[in-house]
Structure formats: structure tokens, C-alpha cells
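This report concerns only the one structure given below.
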Amino acid sequence: MKSENKLIGVGLLTAITASLCCITPVLALIAGISGIASTFSWIEPFRPYLIGMTILVLAFAWYQKLKPQKKMDCECETDEKPKFIQSKKFLRIITVFAIVMLAFPYYSEIFYPKRENQIIVVDKSDIKTTEFKIRGMTCTSCEKHINHEVNKLNGIVNSKASYENGNAIIEYDKSKTNAMEIERAINSTGYKVTDKKEN
């Protein structure tokens, strides 16, 4: 039974570790400490292996739990109820929790409030678009975190961060904000602007 508990613990740990890079930006938002958002982005390359390990460990734990038990040739009392931590119910809870953790990047946007920017453009010639190259983004949670911080600035018309392209394309009113302020907002998340190109 101890080995089964260890398996469940390993499965839980790998599921949490696999999602740590995506959970950290949301935790940073909730805690109000935006700068730690990119802390675990180094885990992203290992995520597929951690997901595979989680699935294998939990599958083996389920196999151990469901395989027929050998009958003993003694008159011992074996109808003793297993402890909760050794029950199928506990393994179900851990399995569901692991699935929720592994799927986190796909639903992380629900944690970010919708912001409607009320922009009054006096002069269309004041609208400027700048592309910021950003290092450290690994998933949609990173994109949402950057967009959330940038949209706090006055004069932002549109903000579109992309972890796949490693950039954010920001449209803004240059009479209300500038590229330096936007870069500071992005850098405050813990992700770093490596280059910018004005269109």
C-alpha cells in the first residue's frame, strides 16, 4: 500500500509541475505580484515529458488498484476497510485533480477580468502600432497576463500578445501613452522585451 501511495504522490507532483509554468501568471495576478509571472517558464520544454509521466504513473496506480487481489490461504480477517488515502475514491479525486491541472493552459483566461477600453480618438494620426518581441512566454496564460498589464495603461486601443510568435502587437494612442511605458508594463510581468519595431 505504501508504494501505491507513493505512486499517487508522484502522479500529483508531476501534474502540478507540468502546469506550474501556466499557473504562475494567474497566481501572480491574484496575489498582485505581477513580476513573478515568468518564474517557471523554464519548465515548458519538459511539460510533454511531465504530462506523459503523470499519465503513466496514474495509469499504473489504477492498474494496481483494479487488478484482482490474490486470495490468502488463512482464516485471517481481510474485510478491513482501507484507509481513505488508499481508497479508489481518493485515487479518483487525485486523477480528476491531475486532469484539471494538466488542462489549465486551455481555460486560464477565465481568471483574467475582461477589460473594455474606452478610447476616444481625437486625431487618427495619433494611433500607432508597435510590435514588441518578448522572451519567456510559454502558453496562453502568459499572453493573457501581458495583455492584462498592458491594458491597464491609458490610450491602449488593442493589445495582442502571442506566445507562439514570441511577441505582442500593441495599437495605442501616442498622445496618451508611448512605447517606453508599454515596454515597462510588459517587463513588470517578469517577461522581457528583447526588441521593438514600430509600424
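Contact annotation: residue pairs with Cβ atoms under 6 Å, 6 or more positions apart or on different chains, pairing a residue in the range 135-147 that is assigned to a loop (DSSP other than H, G, I, E, B) with a partner that is surrounded by fewer than 20 Cβ atoms within 10 Å (Cβ to Cβ) and acidic (Asp, Glu), are THR138/GLU44. Of the set (1) modelled with pLDDT of 80 or more; (2) surrounded by 12 or more Cβ atoms within 10 Å (Cβ to Cβ), all apply to PRO48 but (2). Taking each residue of the range 40-61 that is in the same structural domain as THR17 (by TED's automatic domain parsing) and looking for partners that are exposed (fewer than 14 other Cβ atoms within 10 Å of the Cβ) with beta-carbon atoms closer than 9 Å, six or more apart or interchain, yields SER41/ARG135.
Check whether at least one residue in the range 182-195 is among the hydroxyl-bearing types (Ser, Thr, Tyr) and not in a loop (DSSP other than H, G, I, E, B), and report yes or no.
yes
Considering only residues in the range 106-137 that are at pLDDT 85 or above and of a type in the set (Val, Ile, Thr), the one that is surrounded by the most Cβ atoms within 10 Å (Cβ to Cβ) turns out to be ILE134. Residue count for the range 80-105, restricted to those that are part of a loop (DSSP other than H, G, I, E, B) and either among the polar types (S, T, N, Q) or at pLDDT 85 or above (or both): 1.
The values are calculated or read from the model by the stated rules, or taken from the named source; none is laboratory data. Just so you know, these numbers come straight off a predicted model, no measurement behind them. Quick reminder, even Gly has a Cβ in these numbers, built from the backbone with ideal geometry, and neighbours come from all protein chains shown.
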